[in-house]
């Protein structure tokens, strides 16, 4: 239960009522005022002061001042009349309650509307600020654009003026030239007329020449130096594997690709011990094939076979190696081995495309000749015919095929 | 607020949309006309001459050619004649009189493959000496031509027998400060830059800038060579100081990704008491994005300062005005 404060004092003038309520030691922040036009409440726990005003007051203009342990409330009167009493004394409890509730409601409404209006005002101000900002920026932009436009127009005008001047100078030059020509013609005409009377063509020609030489001497500018003596300069380029242009950002990718290619060309069988002893180039099947070819060309067939063996061990899918080794075996008279190698080569050349037609022809010829040397002429003929189909214009091949055919027929007729 | 507007501004004067791919655009000296070179979609070459009138371009002349034209220059022609030298996709070097563009004044099959770049010196009243034209081609050779000698080039820089060839993407002439001296600088797609001296007919300097070289140019053709700028792929460019050549290190350079300031000391001596050039620094003055497609060529007007024409792969040719260049 709050303690009712009764030791308040009040004074009045014609237009205002002053009430002074002792605060009894309460701090200023803890004092709560509620005032409407007929009711005033000052609450500072545990004390409570309320007054049911006898006359209505103007609540919008009521003020309260807290200081020096006293709260002074100023209530401007609605009508300038003298108040007998500050408070109405004949209120019963019910009425009092009603009045209190009304007052509370009214107070709340007032606070609500106040806060609403404050929010609206804030929003309006923000909007205004934004609009002015936008206007300023737009002005700035327009200014820059205008300056650029001015510059542009100035340049256009200058250009147009310059063009006009050019045209004028060109016209005057043309006129001068025309004038010049006419003058020269007149000059030439006068003496030629005179000479005509003397009728000597030679003189006329001479005069014309003089006229021409005058004109040309005006045209030839300062003598240019002779063209240079032609020469070639050899250049060498920084080596680059790829045909595309060099880009720094692509270099790591390119290096990686090259490394992978190099590794792929190297030994597939990395577990063979002897390969560790080989030099770098001897691990390259292409290099070994070259070596084998050279040996074959120089007659060292055994050396060629060795080279091809090693190459095949490194990379067993190159048909050229088998085909060449077959040729070596033929020379060494290892006919069965030759047939094997040639067959292997033909197997590897299985997609029968025009690109490997020459290789297939060679392999067939080698196998055919091996068969013939083993006197298996039927198989030999088959192979030679296959080779002939691939290479129909080879005269030596045709001759050989004919020979085999004859031999077959001869043996057929011979043995029955 | 005033400082951004004090910098040189790049203002688009106007642009013209074309119906063909334009590779090169050049101003015709002593006039407000420029010529555009390119190729139609049907595979034939085209040359169009426009005149700048009242803020837009008027087409004056048009000529179609059997082969697309890649590049052109006015560098080797006199101011009175103003003949255009062009290189085309078939490797032909032609010189045209623009009044009569049907038949060339001079024609030679310069290269086996497309002529990527062409430059001329000795004309237009700039420099002394005979007018010469240099062409660089995809067949890896760089040839210098004199129009008085039709059948063979005056100089031929070619790879040796059996050497692999790289595409030559750009050529430039410079160091033409007297009758005899000339230098040709060539840039290749593997990043090589080679400088040839035509007086001694030898290779004077070479370097590799690790990216394909798109364009090389001397700052002025008719002086003792001063600066050389080389632009390359990956958006890099290098500026070389050509006044001081070190015997092994060559020319010093500064490179930037994407106002060349000279240092206070342009050359100093290194450990072997040989002069080494000191490159300065470069600053970006202004940049502008004009199009989403690459700009293939840009040419300054020789008559009006700040006026330039540029053409891009968006089939548009633009004339730009750059202001405040005198303050640079």
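Quick note: the coordinates plus some simple rules give every number you see, no bench work behind them. What you are looking at is a predicted structure, and each value in this text was computed from that prediction instead of being measured. So basically every Cβ, Gly included, is an ideal-geometry build from the backbone, and we count neighbours across all protein chains shown.
What the table shows:
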{"read-out": "Region A:90-147 and region A:1-40: distance between their alpha carbon centers, rounded to Å", "value": "30"}
{"read-out": "Fully extended contour minus Cα-Cα distance, from residue A:408 to residue A:147, at 0.36 nm per residue", "value": "83.6 nm"}
{"read-out": "Antiparallel DSSP beta bridges within region B:96-150, as percent of all bridges there, nearest 5", "value": "100"}
{"read-out": "Distance (nanometres) between label positions extended 7 Å along Cα→Cβ at residue A:54 and residue A:88", "value": "1.3"}
{"read-out": "Degrees separating the helix A:377-390 axis from the principal Cα axis of chain A, which is the longest one", "value": "60"}
{"read-out": "Scattering profile of the protein assembly as shown at q = 0.06 Å⁻¹ [log10 I(q)/I(0), Debye over alpha-carbon scatterers]", "value": "-0.69"}
{"read-out": "Shape call, region B:50-113: gyration tensor on alpha carbons, a/c limit 1.5", "value": "prolate"}
{"read-out": "Relative contact order (%) - criterion: Cα under 8 Å, at least six apart; region: chain A", "value": "6"}
{"read-out": "Burial order of peptide ranges A:284-291, B:89-96 (average beta-carbon count within 10 Å, highest first)", "value": "B:89-96, A:284-291"}
{"read-out": "Rounded FRET efficiency, nearest 0.05, which uses the C-beta distance separating residue B:255 from residue A:169 and R0 of 45 Å", "value": "0.50"}
{"read-out": "Packing-based ranking, highest mean first, of B:243-251, B:295-303 given that Cβ atoms within 10 Å are counted", "value": "B:295-303, B:243-251"}
{"read-out": "Three-way shape label, region B:115-242, alpha-carbon gyration tensor, a/c 1.5", "value": "oblate"}
{"read-out": "Simple label model, 7 Å out from Cα along Cβ direction - residue A:130 to residue B:208, nm", "value": "6.1"}
{"read-out": "Evaluated over region A:354-410, the Cα radius of gyration and Dmax, each in Å", "value": "10.7, 37"}
{"read-out": "Whether chain A is rounded, prolate or oblate, judged on the alpha carbon gyration tensor where a/c under 1.5 counts as rounded", "value": "oblate"}
{"read-out": "Percent of beta bridges antiparallel (DSSP, region A:2-108, rounded to nearest 5)", "value": "95"}
{"read-out": "Stretch gain in nm, segment residue A:162-residue A:116, where the contour uses 0.36 nm per residue and the Cα spacing is subtracted", "value": "9.7 nm"}
{"read-out": "Chain B - mean residue ellipticity at 222 nm from DSSP helices (-39,500 (n - 2.57) per run, n ≥ 4, rounded to 500)", "value": "-500 deg cm²/dmol"}
{"read-out": "Expected 222 nm ellipticity per residue - DSSP helices of 4 or more, -39500 (n - 2.57), all of chain A, to 500", "value": "-21000 deg cm²/dmol"}
{"read-out": "Relative contact order (%) - region A:1-139, alpha-carbon pairs under 8 angstrom, separation at least six", "value": "23"}
{"read-out": "Shielding by partners, peptide B:224-235 (average Cβ within 10 angstrom, other chains)", "value": "1"}
{"read-out": "Helix axis angle, A:301-314 relative to chain A longest principal axis, alpha carbon, degrees", "value": "20"}
{"read-out": "Estimated distance in nm for a label pair at residue B:285 and residue A:74, the labels positioned 7 Å out from Cα along Cα-to-Cβ", "value": "7.2"}
{"read-out": "Other protein chain Cβ atoms within 10 Å, averaged over every residue that makes up A:157-164", "value": "4"}
{"read-out": "Residue order, fewest to most surrounding Cβ atoms within 10 angstrom, among B:36, B:168", "value": "B:36, B:168"}
{"read-out": "Number of partner chain Cβ atoms within 10 Å, mean per residue of A:245-253", "value": "6"}
{"read-out": "Rounded tilt (10° steps) of A:201-219 against the dominant C-alpha axis of chain A", "value": "50"}
{"read-out": "Distance between region B:187-239 and region B:1-57 - C-alpha centres, whole angstrom", "value": "26"}
{"read-out": "For region A:59-76 and region A:221-246, distance of Cα centres in Å", "value": "103"}
{"read-out": "Share antiparallel - DSSP beta bridges, the protein assembly as shown, percent rounded to 5", "value": "95"}
{"read-out": "Protection proxy ranking of B:39-51, B:281-293 - average other beta-carbon atoms within 10 Å, highest first", "value": "B:39-51, B:281-293"}
